[in-house]
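The values are calculated or read from the model by the stated rules, or taken from the named source; none is laboratory data. This structure is a prediction, so every number in the text was calculated from the model and none was measured. Cβ: placed from backbone, ideal geometry, glycine included. Neighbour counts: every protein chain shown. The accessibility values were calculated without ligands, DNA or RNA, using every heavy atom of the protein model including side chains. Shrake-Rupley method; radii C 1.70, N 1.55, O 1.52, S 1.80 Å.
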Amino acid sequence: MKKVIEILQEELSAAFEKAGYDKKYAKVGVSNRPDLCQYQCNGALAAAKEYHKAPIQMANEVVELLNGSDSFKEIVAQAPGFINMTVSDKFLADYINEMAVSETLGLEKAEKPETIVIDYGGANVAKPLHVGHLRSAVIGESIKRTARYLGHKVVGDVHLGDWGLQIGLIITELKHRKPELVYFDENFDGEYPTEPPFTMSDLEEIYPYASGYSKEHPEYKEEAQTATAELQSGRRGYLALWQHIINVSVADLKKIYTKLNVEFDLWKKESDAQPYIPQMVQDMKDGGYAHIDQGALVVDVKEDTDTKEIPPCMILKSNGATLYNTTDLATIVERRKLFDPDEIIYVVDKRQSLYFEQVFRCARKTKIIGEDVKLEFVGFGTMNGKDGKPFKTRDGGVLRLEKLLEDVNEQVLDKMKDRDMDKDMIDDAAAKISLAAIKYGDLSNQASKDYIFDVERFTSFEGNTGPYILYTIVRTKSLLAKVKAQNITVDENSAIEPADSKSETDVMLALTKWSETVNAAFEEHAPHKICQFVYELSDTFNKFYHENKIVTNENEKQRESYIKLSALVGKVLETAIDLLGLEAPERM
Ligand code: ARG
């Protein structure tokens, strides 16, 4: 189904041509003066130069030709040369009815489905998930769902950090605490135990301890670095410990991501790229791209046009150790081999933007990836507390994501304590509402911006919040439940009637934006556009709901039409929030 703007543009194009003007001037956009009209075309202003005519004269000629068109309730030329349009109620209703019977609600799927790898989540094993990882998971999940909804082949990869110093630190600390463990016996050549020598809560205590200790004690840090290097070069006992760390952490991570309604297709890890490194390094050397600088192997990635310093990409340290970017480059090699993607999207903290610039340039320069593959960095801002500083616990510590979920859930439960609902139902609703509060609070901001995490505001059932959107969906559901309970018949084949009030027109106009919204959200990696859409639709619908009788309407035709419109709003909203990774409860 074409977008409303496309349909209008076609009509205008024909009129521009008929009037003797190039149709390229017939560009239509949503009006920036909604008080005057719904859509507008400013093409006559631009065409004036080419045709040496007054823009208003040209606008008038075009409008004259379109005056008889059924599409418009009003089309007028406005000084100095705007064409202002308001579509007819019939045009709008026809469009809405077509949407209602379309499986994708009128959205056209991608003509050429692409293969897209989305690298998001980015949790590190052995460290608890903290709020810093929330944004990557939430934004990445929405980008993934949107791309998939449009028909693209999408692979979402959590890309776990499992190969860095954090493992060396844990190994070192374990060695200090339990030197008798068989993993430290270099002469041991039997099978290692299948039971891990620690639990997740042990790890959560060990890691911060070791990390803090290493900052004060250089010799301890060096020990951890050596352990990391030994692990990376294949020391058996350390590999066995590392495997235990992964098993224990991944089980825990899966639990939390599931609670967040975030689902990865792949649970790949940094270490999975290791097998690709030797050949990659060889190719970089053979191709003449890499050179030795103070013992390290580096690739220069600066360009003449740079306005700021872009340091070289270090591939191997002087001791032969690999780095974060060595792994990222080798992961590109791996992804090419496994998926042959058209695009790889990285959803990572924007503070890593320079880093990714280096990696992307290096990948292109060394021909790891061709020019035809898009590499996109979607950098997100920081989630701040009300004081405007990065979100922390009351005592200044890093807040665990699980704890955050629990806290918000408690607040929502508190708001719902007087509801006349079964406990199970309340629990289910509260879980969905708190998730909506957190995720919508995040997603409704442009990803690259910092935002303030404000629990009171996010959990409010009013305003531009997740709970408000869910509330609107629940309203449409209970409305339909009433229709069913009261045996009100709604003819399947009847249509939604042209709007008879401003509030109804506004609902319909909001609905028509579905397809352009999903496309824009995908192309610009901008889930906040979906949030804007669901908010506008919810807000217009709630006004319509308050101003009109729906189920109790005595006018049968109107009742039927209003019920159908409400059902469509509910369906569009539910589809849209699924793209945000949210679900609505039955009641709330
Ligand atoms: N584990 C990293 C971190 O916590 C994020 C990983 C991002 N993805 C990547 N391919 N580098 O900062």
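Summary table below
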read-out: Helix 514-523 vs. the chain, principal-axis angle (Cα, 0 to 90°, nearest 10); value: 30
read-out: 22 Å Cα-Cα reach of residue 23 towards lysines, excluding residues that sit fewer than 8 places from it in its own chain; value: 2, 3, 49, 53
read-out: Per-residue [θ]222 nm for the chain (sum of -39500 (n - 2.57) over DSSP H runs n ≥ 4, rounded to 500); value: -17000 deg cm²/dmol
read-out: Gain in span if fully extended, residue 306 to residue 2, counting 0.36 nm per residue against the direct Cα distance; value: 105.2 nm
read-out: Per-residue HN-Hα couplings for segment 280-296 [Karplus 6.51, -1.76, 1.60; θ = phi - 60°; Hz; x = Gly/Pro]; value: 4, 5, 4, 4, 5, 6, 4, x, x, 8, 9, 9, 8, 10, 6, x, 8
read-out: Rounded, prolate or oblate (a/c below 1.5 giving rounded, otherwise prolate when a/b exceeds b/c) for segment 458-560 by Cα gyration tensor; value: prolate
read-out: Hits among lysines - C-alpha to C-alpha of residue 178 under 22 Å, sequence gap 8 or more where chains match; value: 127, 215, 221
read-out: Environment charge at residue 569 (Cβ cut-off 13 Å; Lys +1, Arg +1, Asp -1, Glu -1); value: +1
read-out: Distance violations [Cα-Cα > 31 Å] among 153/482; 112/432; 365/389; 268/365; 308/337; value: 153/482; 112/432; 365/389; 308/337
read-out: Long-range amide H partners of residue 343 with built H, under 5 Å; value: 115, 117, 374
read-out: Degrees separating the helix 423-443 axis from the principal Cα axis of the chain, which is the longest one; value: 90
read-out: Accessible heavy-atom area order of 552, 489, 307, 331, highest first, probe of 1.4 Å; value: 307, 489, 552, 331
read-out: Those residues of segment 429-444 whose amide nitrogen sits under 16 Å from the label point placed on residue 387, 7 Å along Cα→Cβ; value: none
read-out: Residues of type aspartates and glutamates that residue 317 reaches as a straight line, Cα spacing below 13 Å, ignoring anything fewer than 8 places off in the same chain; value: 293
read-out: Stokes-Einstein D in µm²/s, Kirkwood radius over Cα pairs - the chain at 10 °C with 1.306 mPa s viscosity; value: 58
read-out: Cβ crowding within 10 Å averaged over residues, with 576-582, 51-57 ranked highest first; value: 576-582, 51-57
read-out: Options 298, 319, 281, ranked by Cα towards positive dipole end of segment 276-424, top entry (Cβ charges); value: 319
read-out: Residues of segment 15-55: accessible area per residue with a 1.4 Å probe, Å²; value: 58
read-out: Kirkwood Rh and Cα Rg combined as Rg/Rh, segment 95-176; value: 1.26
read-out: Accessible heavy-atom area order of 355, 324, highest first, probe of 1.4 Å; value: 324, 355
read-out: Span from the segment 19-81 Cα centroid across to the segment 215-232 one, whole angstrom; value: 70
read-out: Helix axis angle, 55-66 relative to the chain longest principal axis, alpha carbon, degrees; value: 70
read-out: Accessible area of the chain belonging to carbon and sulfur atoms, whole % at 1.4 Å probe; value: 48
read-out: Shape of segment 385-516, Cα gyration tensor, a/c cut at 1.5; value: oblate
read-out: Exposure rank, largest accessible area first [111, 219; 1.4 Å]; value: 111, 219
